[in-house]
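To start, the structure under review is shown below, and the notes come after it.
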Amino acid sequence: MKVLNWNQLCDTEQTLALARADQVQSRDLTQAVAAILDQVRRGGDNALLELSEKFDGGRPDALAYDNDELGRRGQRIDASLKAAIDAAIDNLTAFHDAQQFQPVRVETQPGVVCELRSEAIERVGLYVPGGSAPLVSSVLMQALPAKLAGCDVRVMTTPPPVSDAICYAAWRCGVQQLFPIGGAQAIAALAFGTETVPKVDKIFGPGNRFVTEAKTQVSQSGTAIDMPAGPSEVLVIADDDANPEFVAADLLSQAEHGEDSQAMLVCLSDSFAERVNAALVSQLTTLSRKEIAAAALSQSRALVVESLAQACEVSNAYGPEHLIVQTQAPRELLGTLRAAGSIFLGPWSPESVGDYASGTNHVLPTYGASRSASSLSLADFCRRYTVQELSRDGLKGLAPTVIALADAEGLDAHAKAVSLRMAQLD
């Protein structure tokens, strides 16, 4: 990991030091995804089967697994893995169920009652990426909040072959149907519907650049999405008393996600940065995904700053997906940290616990979006709406205000909708 002294960098160099790898966005990708979306829109199930044969090496054994089938397949996993999934579900349930919306009712003036209410999104589609390992945690982080929120239709897509662990997690979290379909074609099926796959109102979940591009395109034609997903990233703020082995382990846990992942260290001295680098070299050799992690570290940096206050400024400028604070008094910095998807305080809070089982959600904004976007929560599976109810006297008391404002804007019909009613009171 390259070590840079923050205060010796000019403005341009500081900007470059906080830069992510370029997100590949090509015309070819846009056109290829658009063609897949159109093929599924026109061809339905047959298109899904053809695209599975083309991209996944064969047609799935079935186009849909219902909840009973998920349960049957899920029972084949080891008892120890079942226990781990169940324990994670317990913690996630405790944290997410506490987020249930409480209605707001305010009488803004006599006879004028305003309310803020919430209801679950009716139909949601959940995408779980495939790859070298079954991403059981991605099932939990999406399906459980959807269930707790009360979404009527909760369906999931994931590339084949579908692991038994995925099936168990989906069954435990109340997924009603799972479709063994991956890539842009899965997003298309959820957005437009087919003979087998229901059309949904909102799509959740990360994926590769084809999935991300597909989500972007369908969001422009009326299907809501959770958030654009970029490569994984972590920033660690550490003082000289932090454990360099712990810091290196946290950096590597993010680096092993993919070659385009980014791991950043902000610390107070060159000597500490070098101790972390030594720990990285040592730990890297033990990893099964060491080539991937090494590639990610090649685009990662250690930034040496003069104070923890400046470390917070650098972190806020970067806006990390995950922020780990390993300092003597980490909670004291919490009020200063303004932009992070999820924050981990102290030496005993590795990023891994948030990825799996502490209770928080691991679906987080990336690429600096944490400055304005939030981590996934129960609220993302709901829509909020307002209600107002006025009595006769309430409208009479508010009428002069509404009429005056409507007249100022030249909207006669708005004013008349009130004045007509006032005439009935005379």
**Request:** Please give the helices (runs of 4 or more DSSP H) falling wholly within region 258-327 in which 2 or more residues are closer than 28 Å to Asn208 by Cα and open to solvent by 40 Å² or more (accessible area, probe 1.4 Å).
**Result:** 290-297
**Asked** Of the residues that make up region 366-381, is at least one among the aromatic types (Phe, Trp, Tyr) and open to solvent by 50 Å² or more (accessible area, probe 1.4 Å)?
**Response** yes
**Request:** Quickly run through region 370-386 and pick out the residues that are touching a Pro at 6+ places or on another chain (Cβ under 6 Å) and either over 11 Å from Cys151 (Cα atoms) or of a type in the set (Phe, Trp, Tyr) (or both).
**Result:** Ala373, Phe381
**Request:** Could you check how many residues of region 220-243 are open to solvent by 50 Å² or more (accessible area, probe 1.4 Å), at pLDDT 95 or above and out of contact with any Ser or Thr (no Cβ under 9 Å at 6 or more places or on another chain)?
**Result:** 1
**Prompt:** If you take the residues of region 73-106 that are touching a strand residue (DSSP E or B) at 6+ places or on another chain (Cβ under 6 Å) and open to solvent by less than 80 Å² (accessible area, probe 1.4 Å), which of them is nearest to Ser163 (Cα to Cα)?
**Reply:** Phe101
**Request:** Could you tell me which numbered condition Leu345 fails, if it satisfies all but one of (1) open to solvent by less than 10 Å² (accessible area, probe 1.4 Å); (2) among the hydrophobic types (A, V, I, L, M, F, W, C); (3) touching a Pro at 6+ places or on another chain (Cβ under 7 Å)?
**Result:** (1)
**Positions within region 402-416 being open to solvent by less than 90 Å² (accessible area, probe 1.4 Å) and under 43 Å from the mean Cα position of the chain (by Cα), in sequence order** = Val402, Ala406, Leu411
**Residues within region 134-165 that are at pLDDT 95 or above, under 20 Å from Ile187 (Cβ atoms) and either in contact with an Asp or Glu (Cβ under 6 Å, 6 or more places away or on another chain) or charged (D, E, K, R) (or both), tallied** = 1
**Item:** Unmet criterion (only one of (1) surrounded by 13 or more Cβ atoms within 10 Å (Cβ to Cβ); (2) over 28 Å from the mean Cα position of the chain (by Cα); (3) closer than 30 Å to Ser391 by Cα) for Glu50
**Value:** (3)
**Prompt:** Taking interchain pairs and intrachain pairs at least six residues apart, which have beta carbon atoms under 8 angstrom, with the first residue in region 107-125 and in contact (Cβ under 8 Å) with a residue 12 or more places away in the chain and open to solvent by 60 Å² or more (accessible area, probe 1.4 Å) and the second β-branched (Val, Ile, Thr) and part of a loop (DSSP other than H, G, I, E, B)?
**Reply:** Arg123/Val200
**Request:** Return the only residue of Pro198, Pro206 being open to solvent by 10 Å² or more (accessible area, probe 1.4 Å), in contact with a Lys or Arg (Cβ under 8 Å, 6 or more places away or on another chain) and in contact (Cβ under 8 Å) with a residue 12 or more places away in the chain.
**Result:** Pro198
**Message:** Please determine whether any residue of region 151-164 is more than 20 Å from Asp61 (Cα to Cα) and surrounded by 20 or more Cβ atoms within 10 Å (Cβ to Cβ).
**Reply:** yes
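The values are calculated or read from the model by the stated rules, or taken from the named source; none is laboratory data. Here the structure is a predicted model, which is why all the values come from computation and not from measurement. Note that we place each Cβ from the backbone using ideal geometry, even for glycine, and neighbour counts take in every protein chain shown. With ligands, DNA and RNA removed, areas are computed over all heavy atoms of the protein, side chains included. Shrake-Rupley method; radii C 1.70, N 1.55, O 1.52, S 1.80 Å.
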